[in-house]
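What follows is a single structure, written as structure tokens, with notes after it.
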Amino acid sequence: QVQLVESGGGLVQPGGSLRLSCAASGFPFSSYMLSWYRQAPGKERELVAVISSTGGTLTYADSVKGRFTISRDNAKNTVYLQMNSLKPEDTAVYYCRRGTSGTTWGQGTQVTVSS
């Protein structure tokens, strides 16, 4: 079955950086788009970034454009989210997803941006 395991979150000060990882299994990783979502308490889960199957097309939410970078290593079945210039409003649980309509979610990884 599809499995997604997010990691790399933590507590960071505003302006800091984190690199999230999502290890995937149970499907042909290189054939699918991958995406990152986040969900803050009391808010809906929102799309943050999308990467095409080859990594050639990257799409970002306006709120993170210029600060976050999505990438993937198909040899490692892993998608990454490099998060720079973090802001308190980036605080959320971050999840990866197969495509933008996959039905399986991992446990997520908590990112807290606070001074």
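Here Lys43 is the anchor, and the aspartates and glutamates within straight C-alpha reach of less than 19 Å, apart from those fewer than 8 places off in the same chain, are Asp62, Glu89, Asp90. For Ala61, the amide hydrogen comes within under 5 Å of the amide hydrogens of Ala49, counting only partners 5 or more places away or on other chains and with H modelled in the peptide plane.
A short reminder: the numbers here are calculations on the coordinates, not readings from a lab. Everything quoted here is computed from the prediction, not taken from an experiment.
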